[in-house]
1. Dimensions of the range 88-174 along principal axes (Cα, Å, largest first)?
2. Using a probe radius of 1.4 Å on heavy atoms only, what accessible surface per residue do you get for the range 60-174? Whole Å² is fine.
3. Pop the C-beta distance of F123 and S93 into the FRET formula with R0 = 45 Å and round what comes out to the nearest 0.05.
4. Mind checking the full-extension length gain between A85 and E146? Use 0.36 nm per residue of separation minus the Cα-Cα distance, one decimal, nm.
5. In nm, to one decimal, how far is the modelled label at A169 from the one at A133, with both set 7 Å along Cα→Cβ?
Amino acid sequence: MKAAARQNRRIFALIGAVLALSAGAARGQEQASSLPVGLPDLPGLGETMMRGTHSPIALAGFDPVAYHLGGGPIPGLPEHEVTHAGAVWRFASAANRDAFLDAPALYEPRFAGFDASAVADGFVADADPRRHALIGNELFFFHSEESRRRFLVDAGLREKARSNWPTVARQIAR
């Protein structure tokens, strides 16, 4: 008799625990469905949402001005960093930092530093700041040498990337 009563208590405790967990999960779903203001809508069935891949340090710490001076990817230094547009930008010198602050739009990479070829194809892909191209005064990054080569060979991809960027940019969770 005592064993049966113990067994019943265990069963009721287990049922109570399951009910408590399911109620907690339901509350968590309710909270997850109410997104903070400013976030993009959750993707629907069959849609994808690209994740924001930016670290708080822009360009993995490389100096954006150095690309324009022919130096290529040169690491910036913490003593020459500034916060701009929600990211920390590092520079190899105080002069490069000051040049950036005078005209950030000139030195910021196109397509928020994502792979330019991928943007031309309608999606975002991480890029490697060591794989870059400076075309005119525009700085582009790529995830692979093949992606870079393709973008440099096919000038039409630049215009396609520019026209796709507003749509692609909305897919990035910030």
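The values are calculated or read from the model by the stated rules, or taken from the named source; none is laboratory data. In this text the structure is predicted, and so the values were computed from the model without any measurement. No Cβ is skipped: glycine too gets one built from the backbone with ideal geometry, and neighbour counts run over all protein chains shown. Just so you know, the surface numbers come from the protein's heavy atoms only, side chains and all, with ligands and any DNA or RNA stripped out. Shrake-Rupley method; radii C 1.70, N 1.55, O 1.52, S 1.80 Å.
1. So the extents along the principal axes, rounded to whole Å, are 37, 29, 19.
2. With the other protein chains kept in place, the range 60-174 gives 48 Å² per residue.
3. 0.80
4. Gain on extension, A85 to E146, equals 18.9 nm.
5. A separation of 2.1 nm, rounded to one decimal place.
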